[in-house]
Amino acid sequence: MALQGKGMLVTFTQVPARFERDFNEWYNREHIDERVALKGFRRARRYIAHRASPKYVATYETRRVEDLADPDYMKLLANQTAWSQRVMARFDKKS
């Protein structure tokens, strides 16, 4: 499948098993919608490794590389919701 732009952000995430349910709910109900609603963000995909670490890999395709430094995206990153802050604080920093 062809990329939907010239920019891409790739993230690798490992979450302790006891927090995976909350992580998946947050990801599916808040995080994805926030990202793809941004100007320039075209598509987000998440992949799950069933026998490897990190367990989650996500790609975010953007119209241009510069969209990853857009003021609206920077504002979103600087003003995370309480749910985002809680979930992201649980990411395994070793992976």
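For the reader, a short list of remarks on this structure follows.
- Within-14-Å neighbourhood charge of GLY5 [Cβ basis; K, R +1; D, E -1]: +4
- Average silhouette area of segment 7-53, convex hull of alpha-carbon atoms, in square nanometres: 3.7
- Here the spin labels are modelled as points 7 Å beyond Cα on the Cα-Cβ line, and at ARG86 and ARG21 they lie 1.3 nm apart.
- Measuring how big segment 48-95 is from its alpha-carbon positions, Rg and Dmax come out at 13.8, 38 Å.
- Spacing of the two label points (7 Å from each Cα toward its C-beta) at ALA78 and ARG63, in nm: 2.2
- For the chain, the extents of the C-alpha atoms along the principal axes are 36, 32, 23 Å, listed from largest to smallest.
We did not get these values from a lab; they are worked out from the coordinates using the rules stated. Every value quoted in this text rests on a predicted model; they were computed, and no experiment measured them. Here the Cβ is made from the backbone with ideal geometry for all residues, glycine too, and neighbour counts use every protein chain on show.
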